[in-house]
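Presented below is the structure to which this report refers.
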Amino acid sequence: MKKQIIGGLAALVLLIARLGAQPVSKTDIVALLDELAGPPASVEQAFERSYPGADDIADIKAFYSPWIAKLERANNELETASRNFYTQNPMGAPQPARQNSRVSPEQRSAMDAATAELMQKMTSDPAFAQKFAAMSEAEQQAYITKLLADKGLKPATGRRNTPENLPAGSDVDWFGLSNELTQNAMEIHQWDAYVQFQQKYADGHRAIDEWAGAEIKKLPTFVFGEYGRDHDPEQVKGVKKQAASKHRDLAEQMLKESMELFEQERQRVRTRIMPLNDALKKVSYGENYSFGMHYQLVLGAQMIAFGELNALQQNAADITTEAAKWEDAWRNLR
């Protein structure tokens, strides 16, 4: 629940917290993001990253493989957590654990029924879940009080719960954090700057190719025996060398611009994932904590965060490979 609560709401929150550990990936997503290498500063560096062997086959994965291995381990942790959850809860919703307490069987039954009903409603009705998360403390308390009363349980009374006696993480709005990250990741225009960047330089290289074609057409033609007329191969090679140099210079310019763009995108992703990541660190990534009805949502949000990192890495790899391609072409014509 997003706010400190009293009475019946406090009892329900603490009951959900007793469901047991619900681990997520223990990877610090922000730290992994900061480890990611962006595009290099020069075409020479791009070539070294993209062509690590003695052959002419580009293999940028070799450069990023240590980082990719960490991301894959994080994804495997998530898959394991999700698989274990559904193995233990085939219906997709955890059942409250039975605990020794001073409450009567009737009271326990009412609490279990109320918890199960609220869990089901929160997981099956996103509109209700969002509405509930936006309620004030008094509105949340009134709703839970009525729910417990409908099950035959009169809410307990007592002093207000404080951060000192609530479980760690009870003050975190898991629904809000996870939902915001998920919704932002679905924004269709989030990569527009990168797409426009790609198009800009694709157009630039296309213009160079058109220039080279036009220059070659201007060259005088000669008769080459039975092969007919054609341009002088040496003069054609000279034009191609000039074009290769232009492509290389443009690739160098692209890298300079891409470094700034990459850092902007890194900061955008960092801002998006940091709130959830900080909250997960606070509860030791669920090692001894239950997210209750929000567990699946948290798992999904963390998976989406890893997807954001994967997309950023792929963009950096594509830019590096593109620059290396023009460096390789220039070297082959020297």
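Values quoted throughout were computed directly from the atomic coordinates according to the rules given, and no laboratory measurement underlies them. Bear in mind the structure is a predicted one, so any value in this text is a computation, not a measurement. Quick reminder, even Gly has a Cβ in these numbers, built from the backbone with ideal geometry, and neighbours come from all protein chains shown.
Which entries in the list K246/K325; K61/K200; K121/K146 go over 19 Å, if you measure between the two C-alpha atoms of each? As for pairs spanning more than 19 Å Cα to Cα, those are K61/K200.
Couplings 3J(HN,Hα) for region 39-48, derived from phi with the Karplus relation 6.51 cos²θ - 1.76 cosθ + 1.60 (θ = phi - 60°), are x, x, 8, 9, 5, 4, 5, 4, 5, 5 Hz, where x marks Gly and Pro.
For region 183-191, 3J(HN,Hα) computed residue by residue from phi via the Karplus equation (6.51, -1.76, 1.60; θ = phi - 60°) reads 5, 5, 5, 8, 5, 6, 9, 5, 9 Hz, glycine and proline entered as x. Of the residues T145, T271, the one with the fewest other Cβ atoms within 10 Å heads the list, and the complete ranking is T271, T145. Evaluating 6.51 cos²θ - 1.76 cosθ + 1.60 at θ = phi - 60° for every residue in region 106-123, the Karplus couplings come out as 5, 5, 4, 4, 5, 5, 4, 5, 5, 5, 4, 5, 5, 4, 4, 5, 5, 7 Hz, glycine and proline recorded as x.
Computed over region 174-302, the Cα gyration tensor eigenvalues convert (square root of 5λ each) into semi-axes of 57, 14, 12 Å, ordered from largest to smallest. Take the Kirkwood radius over Cα pairs of region 253-334, plug it into Stokes-Einstein at 4 °C and 1.567 mPa s, and you get 84 µm²/s for translational diffusion.
Amide H to amide H distances under 5 Å link H231 with F222, where only residues 5 or more positions off or on other chains count and H is placed in the peptide plane.
Where does region 29-94 land on Rg/Rh, using Cα atoms and the Kirkwood Rh? Please list the in-between numbers first.
Working: Rg = 18.5 Å, Rh = 14.8 Å.
Checking Rg against Rh, the ratio lands at 1.25.
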